[in-house]
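A quick write-up on the structure given underneath.
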Protein chains: 2
Amino acid sequence: MIRGVLLDLAGVVYDGDQVLPGAIGAIARLHAAGLPLRFVTNTTTKTKQALLARLTRLGLDEELFTPGEAARGWLTEHHATPELLVHPDLEEEFAGLPDHERRAVVVGDAGEAFTYDNLNRAFRALIDGADLLALAKNRTFKGDDGKLSLDAGAFVTALEYATGKEAIVLGKPSPDFFGSALASMGCAPEQAVMVGDDAEADVAGSLKAGFASALLVRTGKYRDGDETRFTPHPTATVAGLPAAVQWIVAQLS
Amino acid sequence: MIRGVLLDLAGVVYDGDQVLPGAIGAIARLHAAGLPLRFVTNTTTKTKQALLARLTRLGLDEELFTPGEAARGWLTEHHATPELLVHPDLEEEFAGLPDHERRAVVVGDAGEAFTYDNLNRAFRALIDGADLLALAKNRTFKGDDGKLSLDAGAFVTALEYATGKEAIVLGKPSPDFFGSALASMGCAPEQAVMVGDDAEADVAGSLKAGFASALLVRTGKYRDGDETRFTPHPTATVAGLPAAVQWIVAQLS
């Protein structure tokens, strides 16, 4: 029995500047069905506050879970000071943390800040003992030009390869990240469904975390064949969020 | 019975601008022992011509094998046109190749040319069907400031991760690369010894390619513990090239 829904944002609710057709109505239909929902994003080029402001403009007021916030929680809990390799717009999310001896390199989608010098500085901090925190390890995202682009995961993997360290992933598909969003709804994984356009972090990730179902949408960065590229495969692959909600509501009856 | 020696250059014969103590004398001792030798480097920040000019200035006139030359051979053989993600100084090694429909992204130690835009351009060429050629896949090198730095392998791995493609490695530890150098001496792998400061590409790589022995020197980028970091482990770990030659000459008697 489905008792909670997690929705990805980019590629599911909107794509670049555009809200995807039928997305707002589909979310209203989940409300009407009495299903609680939360947003879980791996976007790290904007602060949580900026993402929430956009959701408010769209009339959406659900809770939002971001990797930046999860990383800040990790740093506080582990008494570590971040060395940031993130988008300039995200830096303020890490402001005001106390100074500790323990260091953690925090990697997000830094975009053009992924210069050789910045990566080499992160590499050197890591071999000097810093932990490696990945806000996300996604392989690709759909750029503003509509084409696939290299995502943070590529650079996290580069640093893992050079240092022999394994990154701690804070965003999807971390079971802790999914778990925080589910806990806020009092929903167990086996009662939850995830909807996303990333066959790996959204779909395979949530299924590995024990979700009842995970739906892959053919919007956003979806490419032909994604449904079989990662294991476990999606419970269903659907045209977009309205079809996903149709599928979810049909399970309730 | 040892019938041929392969020597790495950076970290073995010289380190930055400095020739390593005793290196030239050690090479003379190999000559005196009647052992043929070749240089095999993964340096891709200089052309083969520039590296040879330096060797000539040091009075060394052995043949040198470089990944750039191997890549040019691969491109010619496979009728492919390169899309270069290499150091600007290396670009001339790929000049004048005919234009083909088949494309290959060629990744070397591009240094500051590893910008997000250049990496994303390479990523897009790869998902459009280009092959991925790695001049080398080394994890680290010793920078001019004497500190370890992020090497080409990190960026090759980043592109592999994002695209799901596996790179074709042209330099060490490619068995073809070692094989070309050995063939030029008429030496079989089981008669050969490799000397290097890279426990992975030089040492484990040559042993996997069937070499009789591989010696790890504690010069160059060597770090404590390197001798057990990769498998197979070195046949012996020695202070530097003079000690390596001492070890080799001792095997002859």
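The values are calculated or read from the model by the stated rules, or taken from the named source; none is laboratory data. The model shown is predicted, which means the values in this text are computed figures rather than measured ones. Note that we place each Cβ from the backbone using ideal geometry, even for glycine, and neighbour counts take in every protein chain shown.
Within the bounds of region B:60-74, is there any residue that is within 14 Å of chain A (Cβ to nearest Cβ), in contact (Cβ under 8 Å) with a residue 40 or more places away in the chain, touching a Leu at 6+ places or on another chain (Cβ under 6 Å) and under 27 Å from A:F155 (Cβ atoms)? There is no residue in region B:60-74 that is within 14 Å of chain A (Cβ to nearest Cβ), in contact (Cβ under 8 Å) with a residue 40 or more places away in the chain, touching a Leu at 6+ places or on another chain (Cβ under 6 Å) and under 27 Å from A:F155 (Cβ atoms).
Would a scan of region B:70-81 turn up a residue that is surrounded by 13 or more Cβ atoms within 10 Å (Cβ to Cβ) and closer than 27 Å to B:K147 by Cα? Within region B:70-81 (the criterion being surrounded by 13 or more Cβ atoms within 10 Å (Cβ to Cβ) and closer than 27 Å to B:K147 by Cα), the answer is no, since none of the residues qualifies. Any residue at all in region B:110-127 that is touching a Ser or Thr at 6+ places or on another chain (Cβ under 7 Å), within 16 Å of B:T44 (Cβ to Cβ) and not in a helix (DSSP H, G or I)? Scanning region B:110-127 turns up no residue that is touching a Ser or Thr at 6+ places or on another chain (Cβ under 7 Å), within 16 Å of B:T44 (Cβ to Cβ) and not in a helix (DSSP H, G or I). The set of residues in region B:141-168 that are facing chain A (nearest Cβ under 7 Å), hydrophobic (A, V, I, L, M, F, W, C) and surrounded by fewer than 21 Cβ atoms within 10 Å (Cβ to Cβ) contains only B:L148.
Collect the residues in region B:110-140 that are more than 10 Å from chain A (Cβ to nearest Cβ) and within 17 Å of the chain's Cα centre (by Cα), keeping them in residue-number order. Matches in region B:110-140: B:L133, B:A134, B:L135, B:A136. Per the listing B:G171, B:G179, B:G186, the residue uniquely more than 12 Å from chain A (Cβ to nearest Cβ), outside any helix (DSSP H, G or I) and surrounded by fewer than 24 Cβ atoms within 10 Å (Cβ to Cβ) is B:G186. Just one residue in the set B:A80, B:A110 is small (G, A, S), in the same structural domain as B:G129 (by TED's automatic domain parsing) and under 14 Å from B:A134 (Cα atoms); that residue is B:A110. B:D145 falls short on exactly one of the conditions (1) in a loop (DSSP other than H, G, I, E, B); (2) over 20 Å from B:A10 (Cα atoms); (3) out of contact with any Asp or Glu (no Cβ under 8 Å at 6 or more places or on another chain), and that condition is (2).
Of the residues A:L133, A:L119, only one is in contact with a Pro (Cβ under 8 Å, 6 or more places away or on another chain), crowded, with 20+ Cβ neighbours inside 10 Å and modelled with pLDDT of 95 or more; which?
Just a single option satisfies the conditions, and that option is A:L133.
Filtered by the rule that a residue be away from chain A (no Cβ under 14 Å), over 17 Å from the mean Cα position of the chain (by Cα) and either hydrophobic (A, V, I, L, M, F, W, C) or in a helix (DSSP H, G or I) (or both), region B:90-109 gives B:E91, B:E92, B:F94, B:A95, B:L97, B:A104. Just one of the numbered conditions (1) assigned by TED's automatic domain parsing to the domain that holds B:R38; (2) within 24 Å of A:K165 (Cβ to Cβ); (3) out of contact with any strand residue (DSSP E or B) (no Cβ under 9 Å at 6 or more places or on another chain); (4) of a type outside the set (D, E) is not true of B:G205: (3).
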